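Everything on this sheet refers to the single structure shown next.
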Amino acid sequence: SRGGFLACAALGMHTLVRSRQRLLAAVGIGLVALLIVPVMSDEYWIRMQTISAATENADVAQETGEGRLHFWGVAVQMANAHPLTGIGHNAYTQVYDQYDTTSGDYGEGRAVHSSWFAILAELGYPGLFLFLGIILSAFWTSLKTRKISKASTLIR
């Protein structure tokens, strides 16, 4: 996905900026890129080129934004129709047409394009709250671990 591509690029830049050994980090990133880039299909690179199309063309950007908002709205409709259980795991695409009120203006069997809204539609509100709880718990545990690590470093 384009989002995954951008996230990997951001992670690489973050690693370079934060690393104490920037040369070693740059070599590592370069090696990973040399291993991954050649195996990516032509279709993948064609898809990645559409990143700049949205930024250069206001009409494309507006259509993309409107489409995302529509897909997210459909996800909310699904969640509201099945608030406790959702529509089922990995079912958004299969039931999209049943909830799409635009008569197919955005196509058929579309994807939600958001993990958050996918969880909401497919697992309902309890599933979304559990997911948020897991993320908050991970952050809380990371903060506690960091605090303990700093304290034990000072003791030595």
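Things to note:
- With all protein chains in place and a 1.4 Å probe, the accessible surface of the stretch 71-125 carries 54 percent carbon and sulfur.
- Mean ellipticity per residue at 222 nm, deg cm²/dmol - from DSSP H runs of n ≥ 4 across the chain, formula -39500 (n - 2.57): -26500 deg cm²/dmol
- The spacing between the stretch 22-52 and the stretch 79-140, judged by their C-alpha centroids, is 31 Å.
- Taking a ≥ b ≥ c as the square roots of the eigenvalues of the Cα gyration tensor, the chain is classed as oblate, since a/c reaches at least 1.5 and a/b does not exceed b/c.
- Between the helical axis of 22-36 and the longest alpha-carbon principal axis of the chain there is an angle of about 40 degrees.
- Descending by average beta-carbon neighbour count within 10 Å, the peptides 36-44, 13-21 line up as 13-21, 36-44, the highest first.
- Axis angle, to the nearest 10 degrees, between helix 42-56 and the longest C-alpha principal axis of the chain: 80 degrees.
- Surface analysis of the chain yields an accessible area of 73 Å² per residue, using protein heavy atoms and a 1.4 Å probe.
- Among 141, 64, 85, the residue with the largest mean-square fluctuation in a Gaussian network model of the chain, with springs joining Cα atoms closer than 10 Å, is 141.
- Computed over the chain, relative contact order equals 19 percent, with contacts defined as Cα pairs under 8 Å that lie 6+ residues apart.
- Comparing 25, 81, 118 in a Gaussian network model of the chain where C-alpha atoms under 10 Å apart are linked, the largest mean-square fluctuation is found at 25.
- Three-way shape call for the stretch 72-143 based on the alpha-carbon gyration tensor, with the a/c threshold at 1.5: prolate
- Relative to the dominant Cα principal axis of the chain, helix 115-155 is inclined by about 10°.
- Shape summary of the stretch 94-134, radius of gyration then Dmax from alpha carbon positions: 12.1, 37 Å.
The values are calculated or read from the model by the stated rules, or taken from the named source; none is laboratory data. What you see is a predicted model; the values in this text were computed from it and never measured. Glycine gets a Cβ as well: all are built from the backbone with ideal geometry, and neighbour counts include every protein chain shown. Protein only, heavy atoms only, side chains kept; ligands, DNA and RNA dropped before computing areas. Shrake-Rupley method; radii C 1.70, N 1.55, O 1.52, S 1.80 Å.
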